[in-house]
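Just below is one structure, and these are the notes that go with it.
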Amino acid sequence: MSATTAKKIDLEKYGALIALGALFVLASIIGWPYFIRPENLVNVMRQSSYTGIIALGMTFVIISGGIDLSVGAVAAFVASCGVLFMNWVLQATGGNEVLAILGGVSVMIALGFVTGALNGLLITKGKIVPFIVTLGTMSIFRYLSLQMANAGEFASQSQLYGTFGMSKIFEFTVGDQAVSLPVPVFTMLALAAILAFLLDNTRYGRYLCAVGSNARVAQYSAVRIDRVRFWAYAINGMCVGASAALLAARFNTVSTPNFGLGSELDAIAATIIGGTAMAGGRGSIWGTIIGVFMLQFIQNMLNMAGLSPYLQGVVKGIVIIGSVYIQKQRQ
């Protein structure tokens, strides 16, 4: 193997990580000294985690050759149902907050699985293009949420749920700076480890890449492509449910018009920036985590530079297009 070939392989493998490091240095310069403060970095990770958990499931969907535009609307729907169930359990048990939270979070994850499974069935059994299916379910679940709340919000009656949303796995101080690991960040990293193992070390992961790369060849190799794609959407739905539970806990309310709004764009962007091929067939869970942090670094850096939030969306769009263009040049 020549040195040039080895260099290309290294760049393909570590390109996103190198870009993250360069972006970190740039953000540190622009936002000096505030960006590198532990409190800010912890906040950046927390902000990243909600989209990051959704992006982990989106990685499976895109590797399979699909797309899911409904994740933001599904998050609003499952969070609304979960908070309503939580409040009902509180009243039924005379204020047992622990049982109510367990029940509400379980409902959110279960409903996330059901909505993901619905998308998967419509795509695999109904033979409908994923873009159309998820565009339709995006509208269905967003407007169901709006109808349930009359375009308002659902507030949790559990103070413990709000406390849980802001809790940390650990926290310690270095000088006058606090260093901590928030629960949403821990959840994202734990899910990433599980899904990375599933993708890289199991038969299902190999089948997923095979289906996304060439479904017809995979079918000739006795791979049940419909089952593989179905579980990609089901896993994505459960990730959406977990993210919705954590985001609802952070605010202790669900604002149906805004909850999860734009999550689909951020999740897809993070996945593509992290190296997952838009055409399917290959991808990396840890690459997606890097993509999530890159997006949040960009947003945090632009905030510190005083750039309008509307122009931040322009920058995000440019980054997405650039990432896809780079992928196309590699291919």
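Each value in this text was obtained by applying a stated rule to the coordinates, not by laboratory testing. This structure is a prediction, so every number in the text was calculated from the model and none was measured. Using ideal geometry, Cβ is built from the backbone for each residue, glycine included, and neighbour counts are taken over all protein chains shown.
Gain on full extension, evaluated as 0.36 nm per residue between Leu160 and Arg227 minus their Cα-Cα distance, stands at 20.2 nm. Residue separation of Val179 and Trp32 scaled by 0.36 nm, minus their Cα-Cα distance, works out to 51.1 nm of gained length.
When you count, for each residue, the other Cβ atoms within 10 Å and take the mean per peptide, how do 145-158, 59-72 rank with the highest first?
Working: 145-158: 17.1, 59-72: 28.0.
Highest-to-lowest ranking by the protection proxy: 59-72, 145-158.
Report note on the peptides 36-49, 233-246, 171-184: ranked by the mean count of other C-beta atoms within 10 Å, highest first, their order is 233-246, 36-49, 171-184. Within the chain, which complete DSSP H helices have Cα atoms spanning at least 24 Å along the helix axis and a mean Kyte-Doolittle hydropathy of 1.6 or higher? Once both thresholds are applied, what remains is 71-92, 97-124, 183-201. Cross-link partners for Lys125 among the aspartates and glutamates, with Cα-Cα distance under 15 Å and sequence neighbours closer than 8 places in the same chain left out: Asp226. Diffusion of region 19-330 by Stokes-Einstein, at 25 °C in a medium of 0.890 mPa s and with Rh set to the Kirkwood radius over alpha-carbon pairs, works out to 123 µm²/s.
Applying 1/(1 + (r/R0)^6) with R0 = 30 Å to the Cβ-Cβ distance of Leu311 and Asn214 gives a FRET efficiency near 0.15.
Using 0.36 nm per residue and subtracting the Cα-Cα separation, the extra length available between Thr253 and Val114 on full extension is 47.8 nm. Averaging the Cα positions of each part gives two centres, and for region 282-331 and region 54-78 these lie 18 Å apart.
Taking the average, over residues, of other Cβ atoms within 10 Å as the packing measure, peptides 224-232, 286-294, 317-325, 111-119 rank 286-294, 111-119, 224-232, 317-325 from highest down. The 3J(HN,Hα) values that the Karplus relation (6.51, -1.76, 1.60; θ = phi - 60°) gives for region 155-161 are, in residue order, 9, 6, 8, 9, 6, 5, 5 Hz. Gly and Pro appear as x.
Where does region 244-284 land on the Kirkwood hydrodynamic radius, alpha-carbon pairs, in angstrom? Provide the component values of the computation, followed by the final result.
Working: mean 1/r = 0.0833 Å⁻¹.
Result for region 244-284 stands at 12.0 Å.
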